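S.K.: The structure is given below, and queries will be raised subsequently.
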2 protein chains.
Amino acid sequence: LTGEFQALARLFTMLPPSPVGEVWAGDDAAVVAAPPGPLLLAADTAVEGVHADLGLTAIEDFGWKAVVATLSDIAAMGGRPLQALVTVAAPPGTDLEALYSGVVAAAVRYDCPVVGGDLAGGPVVVVTVAVTGTVDGEPVLRSGARAGDAIWVTGPLGGAAAGLRAIRSGDASEETAPLRRAHLRPQPELREGAAARLAGATAMIDVSDGLLADLGHLADSSGVGFALESVPVEAGATEADALGGGEDYRLVFTAPDGNRLEQAFVGLRPPRRVGVCTNDLAERTFAGRPIPPIQGWEHRF
Amino acid sequence: LTGEFQALARLFTMLPPSPVGEVWAGDDAAVVAAPPGPLLLAADTAVEGVHADLGLTAIEDFGWKAVVATLSDIAAMGGRPLQALVTVAAPPGTDLEALYSGVVAAAVRYDCPVVGGDLAGGPVVVVTVAVTGTVDGEPVLRSGARAGDAIWVTGPLGGAAAGLRAIRSGDASEETAPLRRAHLRPQPELREGAAARLAGATAMIDVSDGLLADLGHLADSSGVGFALESVPVEAGATEADALGGGEDYRLVFTAPDGNRLEQAFVGLRPPRRVGVCTNDLAERTFAGRPIPPIQGWEHRF
């Protein structure tokens, strides 16, 4: 067994050095420059046995996913990330280097350095990622959708749910590799979120609990109904995966119908129009049929 | 059982409303004004069964302590807190209202509103608090102590350790009430931290793992040794409690010997001089005797 401070000292060597004028990991708090614009703050927790079975998910991937889940919240504001604080609770024997290697890989990939955090004991692995960010302009809230706005998604859905199914069934075929990767190494759509903001998005949310659930949150916050006409389904996934499966980390946003999005999305996958917001709050339909009330992932207490 | 979103909606009613121009809990990320000065970032995790036995500690106190542990990190920089993100993982049946009532009580008391977070399932209660802060001037790091600096503590130590002992032994006497309170409802020394900064503190850390351990971290970061001459012991605690017991959340700081601290500490408990920094890195003594290497709390991996 290793002591906490020795483990932390070793993990700190995996982190980039602080730039001049800032103090990252190793003091009581990190000292960083405040952004000139608004400060965005988001945090997400990933719990072994709840969010992932570490018998099926490598602990590196678990670390990666914990970071991406929070970065996706920044993407959903049309923002960009600045810093991450990563706290880990874990039982003795946990491969902390592997866990942090996934954390740091995502932090490096998305330009969001880990500047601090905490390490503690615990019965299962729990990774909490808090992220700061900012936005060059106005953040896109969940609450700005208006009746008549079109609804867009940034890409095909259901890949992560189909990938999890493949992993659970022991399917290691070439065919399901992209789906398994969608589940194990999701990507936050930071560029897409910024593009949607520039294209005049009125409301936005990321698909972490499932399209119907997350679009429901957006509609609740905005005080609108919605009529989904179609949904782009990832190759190899089902329509049910696309409607109810979580952890795709695509973005769903609304914009005045007729808004031309092409210019903002140059160089990115063009978003897909999937429906329209309505002024009947009670209206929640897909292809003309009402949607059953619970369709997404929810923890129970 | 209650669903996550219903539970969150109920918890949100316990939080203060967002001021105009800011967006607190309820969106993908909180939107707040960035401070004009540097941004401080700290996070701490509290795990049921590791940091507290919920058979002995009320869950309200567990929530309070989780917030205070992180605020104490801001105090140790000489800073002031701005916002908190609180993430909770908890099993079904957890009294989330009670937990959040302790969290919100500390947040209100120390002027650090909870602006967001996350709620998830898990086998035990895990509360992670990430805090932003700022400092009106230069933050006090762990690394600035110089040989010859005097070492100060902001108050008597060992109360929390003695209080935990009283709680474990079922001692509910009037006599141990202040000690039990020191353990269950610690206070972050935000005013004292700011005073130490104004008084010219060269290095500072909070006593969360035990005086010897935390002063050891400060000395390691600063590249100095230390000679402790005495330690103020809380009434009802032992000298061992004061040297090795954690969670007192007092501050220990260094300042050039001869610095007059009275003016900065007007209205506060005067700090106590407990020793001096030396230029021999290997020197770690108390009352002239070498200190055994491990004296504080460490998690094991």
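S.K.: Could you tell me which residue of the range B:84-111 is least open to solvent (accessible area, probe 1.4 Å), considering only residues that are farther than 20 Å from B:Arg10 by Cα and either among the acidic types (Asp, Glu) or touching a residue at least 24 places away in the same chain (Cβ under 8 Å) (or both)?
M.R.: Taking the candidates together, the pick is B:Tyr110.
S.K.: Still on this model: Those residues that are touching a strand residue (DSSP E or B) at 6+ places or on another chain (Cβ under 7 Å) and under 30 Å from B:Phe62 (Cβ atoms), I need them from the range B:273-300; list them, please.
M.R.: If the condition is that a residue be touching a strand residue (DSSP E or B) at 6+ places or on another chain (Cβ under 7 Å) and under 30 Å from B:Phe62 (Cβ atoms), then B:Glu298, B:His299, B:Arg300 are the ones that fit.
S.K.: Next question, about the same structure. I need the full set of residues from the range B:81-114 which are of a type in the set (S, T, N, Q) and part of a helix (DSSP H, G or I), in order please.
M.R.: B:Ser101
S.K.: From the residues in the range B:251-301 that are closer than 30 Å to A:Val125 by Cβ, of a type outside the set (Gly, Ala, Ser) and within 21 Å of the chain's Cα centre (by Cα), which one is farthest from the other protein chains (Cβ to nearest Cβ)?
M.R.: B:Gln295
S.K.: Which ones in the range B:41-66 are assigned to a loop (DSSP other than H, G, I, E, B), in contact with a strand residue (DSSP E or B) (Cβ under 8 Å, 6 or more places away or on another chain) and within 9 Å of another protein chain (Cβ to nearest Cβ)?
M.R.: Listed by number, the residues that qualify are B:Val50, B:His51.
S.K.: Also, quick follow-up: Would you confirm whether or not the range B:287-298 contains a residue that is at pLDDT below 95, closer than 24 Å to B:Pro81 by Cβ and open to solvent by 60 Å² or more (accessible area, probe 1.4 Å)?
M.R.: yes
S.K.: Related question: Would you mind finding the one in B:Gly117, B:Gly78, B:Gly137 that is modelled with pLDDT under 95 and outside any strand (DSSP E or B)?
M.R.: So the residue among B:Gly117, B:Gly78, B:Gly137 that is modelled with pLDDT under 95 and outside any strand (DSSP E or B) is B:Gly137.
S.K.: Might you check whether a residue that is open to solvent by 20 Å² or more (accessible area, probe 1.4 Å) and of a type in the set (Val, Ile, Thr) occurs anywhere in the range A:45-57?
M.R.: yes
S.K.: Given the criteria modelled with pLDDT of 95 or more, closer than 26 Å to B:Leu179 by Cα, away from chain A (no Cβ under 14 Å) and touching a Pro at 6+ places or on another chain (Cβ under 9 Å), does B:Asp248 qualify?
M.R.: yes
S.K.: Go through (1) under 21 Å from the mean Cα position of the chain (by Cα); (2) at pLDDT below 95; (3) crowded, with 18+ Cβ neighbours inside 10 Å; (4) under 27 Å from B:Arg80 (Cα atoms) one by one and return the number of the condition B:Thr202 breaks.
M.R.: Of everything listed in (1) under 21 Å from the mean Cα position of the chain (by Cα); (2) at pLDDT below 95; (3) crowded, with 18+ Cβ neighbours inside 10 Å; (4) under 27 Å from B:Arg80 (Cα atoms), B:Thr202 misses just condition (2).
S.K.: Is it true that B:Glu174 is touching a Lys or Arg at 6+ places or on another chain (Cβ under 7 Å), at negative phi and at pLDDT 95 or above?
M.R.: In short, no.
S.K.: Could you list, in sequence order, the residues of the range A:1-25 that are facing chain B (nearest Cβ under 7 Å) and either of a type in the set (Val, Ile, Thr) or not in a helix (DSSP H, G or I) (or both)?
M.R.: Passing the criteria: A:Leu1, A:Thr2, A:Gly3, A:Val23.
S.K.: Which one of the conditions (1) touching a residue at least 24 places away in the same chain (Cβ under 8 Å); (2) open to solvent by 30 Å² or more (accessible area, probe 1.4 Å); (3) of a type outside the set (Val, Ile, Thr) does A:Glu189 fail to meet, given that it meets all the rest?
M.R.: A:Glu189 satisfies every listed condition except (2).
S.K.: Quick one: is A:Ala195 part of a helix (DSSP H, G or I), closer than 17 Å to A:Gly78 by Cβ and aliphatic (A, V, I, L, M)?
M.R.: When the stated conditions are applied, A:Ala195 passes them.
S.K.: Let me ask something else about it. For the range A:216-250, enumerate the residues that are at positive phi and surrounded by fewer than 16 Cβ atoms within 10 Å (Cβ to Cβ).
M.R.: Hit for the range A:216-250 is A:Gly223, nothing else.
S.K.: Still on this structure, I have one more. Take the range A:251-283 and flag every residue that is closer than 22 Å to A:Asp241 by Cβ and open to solvent by 60 Å² or more (accessible area, probe 1.4 Å).
M.R.: A:Arg269, A:Pro270, A:Arg272, A:Arg273
S.K.: When you look at A:Pro38, is it open to solvent by 30 Å² or more (accessible area, probe 1.4 Å), more than 16 Å from the chain's Cα centre (by Cα), on the phi < 0 side of the Ramachandran plot and within 8 Å of another protein chain (Cβ to nearest Cβ), yes or no?
M.R.: Yes.
S.K.: Follow-up. Give the residues of the range B:140-155 that are of a type outside the set (Val, Ile, Thr), part of a loop (DSSP other than H, G, I, E, B), more than 11 Å from chain A (Cβ to nearest Cβ) and within 19 Å of B:Pro188 (Cα to Cα), sorted by residue number.
M.R.: Of everything in the range B:140-155, just one residue is of a type outside the set (Val, Ile, Thr), part of a loop (DSSP other than H, G, I, E, B), more than 11 Å from chain A (Cβ to nearest Cβ) and within 19 Å of B:Pro188 (Cα to Cα), namely B:Gly155.
S.K.: Right, next: Within the range A:81-104, is even one residue more than 14 Å from every other protein chain (Cβ to nearest Cβ), of a type outside the set (Gly, Ala, Ser) and in contact with a strand residue (DSSP E or B) (Cβ under 9 Å, 6 or more places away or on another chain)?
M.R.: Yes: one or more hits.
The values are calculated or read from the model by the stated rules, or taken from the named source; none is laboratory data. It should be emphasised that the depicted structure is a prediction, and the values quoted were computed from it without experimental measurement. Cβ coordinates were reconstructed from backbone atoms using ideal geometry, including for glycine residues, and neighbour counts include every protein chain displayed. Please note that ligands, DNA and RNA were not included when accessible areas were found on the heavy atoms of the full protein model with its side chains. Shrake-Rupley method; radii C 1.70, N 1.55, O 1.52, S 1.80 Å.
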